[in-house]
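Take a look at the structure below.
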Amino acid sequence: MTRIAVIGTGYVGLVTSACLADQGCEVTGLDRRQDLVDALELGEVPIHEAGLAPLLEAGRNSDRLRFTTSYAAALAGAEIAILCVDTPMSETGAADTSRLMSAVDSVAAAASSDLVVVIKSTAPVGTARDVHERLSRHPGRFTVVSNPEFLQQGHAVDDFRRPRRVVVGTETGEPIRELRDLYEPLGSPVITTTWETAELAKYASNAFLATKISFINEIAAICDAVGADVREVADAMGLDPRIGRSFLNAGIGYGGSCLPKDVAALVHTAREGGHDALLLSAVASVNDLLPSRTVSRLYQALGSLKGKRIALLGLAFKPETDDLRSAPSITLAAALQAEGALVTAYDPVVRSIATPGGAIEAAASALEALEGADAALLVTEWPEIVSLDWQAAAKTMRGHVLLDGRNAVSDAAIAGTGLRRIGVGVPEHTDG
Ligand code: UGA
């Protein structure tokens, strides 16, 4: 049974730990936060991620999954250490690898035998080489592998078990037995390449997804200008297999802990290499403009926003997660508060958001958040929100504006409600 230490129990680390334990490995998850480790040891599940809770429970019951704050305990007898430490965005846009590097030092200090050190954190090109050099200062034999994750929050367990591809970067581009043993049972294509190529493959993938989203948001703005419907434009484009329909949903833009940070980091990497990444800079700029464009649309519909009640429907950066990192809801709420609006909110799992204008507590239900609202702003397309009783919503609201920031509510759903649905790149629809 392969013994594995997973360093960092954020969403990538937890999903990785739980899935590997489920695969039969003996896993110890390490985190420096004692309260988190205690909670995990007690069987608590700190994040909302489909399918994770039963896997964590099964891991605990089988004794194949343990959590600790001690590097020595995590690494005792381990053949592989998988680094899942976060690499947040620094002020320059570059990914900050300081936590990752300090985890590397701790791993090296605690390792007692040969160890394969796998970097799963999204880390800039050159990180694996830096880690290799850093480890060469320590006694012991370390093999460094870049093995980026492609987990989508909300589907992360499925993505881990049935990856579309596994990318393994090594110093020479040659496969490594330990990683082959780990991933072969999944039956997915494995691309074995060099460190740098593996690292760039990860950034390029996220940057391409962000590019698709900003592209369709640009087309949505053109649709608004000429009276076309971006949903049908995307359908027509998407039927071409060279283009594909996924990630062509226009709306209020991309958020989350990955796309915004990774585009910025790649622009930074390019600049350091002497290349001005014009396209990627524009991708970020298009996305950054969307909150103010959304607020302008409310302005057009309601006049001054001072004293107006605006209900945000959905707070998480996307459905099926409770993650608020770079969530558009926060930027939007702050912008609305700055205009003097009273912001109420509802989300099926998020209980509150913090904004410079003061924290906003989520109401107990969407209808409660909508009570007396001048406008509803659909931010996250949770199925529960999309399939709301719009008749009841319209009755409880004071105004009749529904700004659908995800183009998720159909004309049929608001039939007979009197709501005025304003979308993003779709013709406006008023019913009743
Ligand atoms: C993203 C990638 O999709 C994963 O493949 C990658 O592994 C992960 O980052 C990571 O680097 O860890 P994630 O951040 O979970 O996954 O979220 P996405 O599903 O990519 O969505 C990102 C944002 O784009 C969300 O705010 C979503 O609402 C928005 N989006 C997505 C759109 O606005 N339009 C679309 O058509 C699709």
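The values are calculated or read from the model by the stated rules, or taken from the named source; none is laboratory data. Keep in mind that this is a model prediction, so the values were computed, not measured. Reconstructed Cβ throughout: ideal geometry from the backbone, glycine too, with neighbour counts over all protein chains shown.
Some observations on this one:
- Per the listing 292, 326, 304, 296, the residue uniquely surrounded by fewer than 21 Cβ atoms within 10 Å (Cβ to Cβ) and within 14 Å of the ligand (Cβ to nearest atom) is 326.
- Cβ-Cβ contacts under 7 Å between residues 6 or more apart (or on different chains), taken from a first residue in the range 208-226 that is assigned to a helix (DSSP H, G or I) to a second residue that is within 14 Å of the ligand (Cβ to nearest atom) and hydroxyl-bearing (Ser, Thr, Tyr), are listed as 210/254; 213/254.
- Residue 351 vs. criteria more than 14 Å from residue 403 (Cα to Cα) and free of Cβ contacts under 8 Å to residues at least 12 places away in the same chain: yes
- Enumerated strands (runs of 3 or more DSSP E) restricted to the range 1-105, each holding at least 1 residues that are surrounded by fewer than 23 Cβ atoms within 10 Å (Cβ to Cβ): 3-7, 26-30, 65-68
- Identity of the residue in the range 129-170, among the aliphatic types (A, V, I, L, M) and over 23 Å from the mean Cα position of the chain (by Cα), that ends up farthest from the ligand (Cβ to nearest atom): 135
- Residue-level check: of (1) modelled with pLDDT of 95 or more; (2) more than 23 Å from residue 296 (Cβ to Cβ); (3) within 16 Å of the ligand (Cβ to nearest atom), residue 193 misses just (3).
- Complete set of residues in the range 247-284 that are of a type in the set (S, T, N, Q) and near the ligand (Cβ under 7 Å from one of its atoms): 249, 257
- Scanning the range 285-301 turns up no residue that is without any contact (Cβ under 8 Å) to a residue 24 or more places away in the chain and assigned to a loop (DSSP other than H, G, I, E, B).
- Selected residue (only one of 417, 396 is under 24 Å from residue 229 (Cα atoms), in contact (Cβ under 8 Å) with a residue 24 or more places away in the chain, out of contact with any Pro (no Cβ under 7 Å at 6 or more places or on another chain) and not basic (Lys, Arg)): 417
- From the options 151, 179, residue that is assigned to a helix (DSSP H, G or I) and at negative phi: 179
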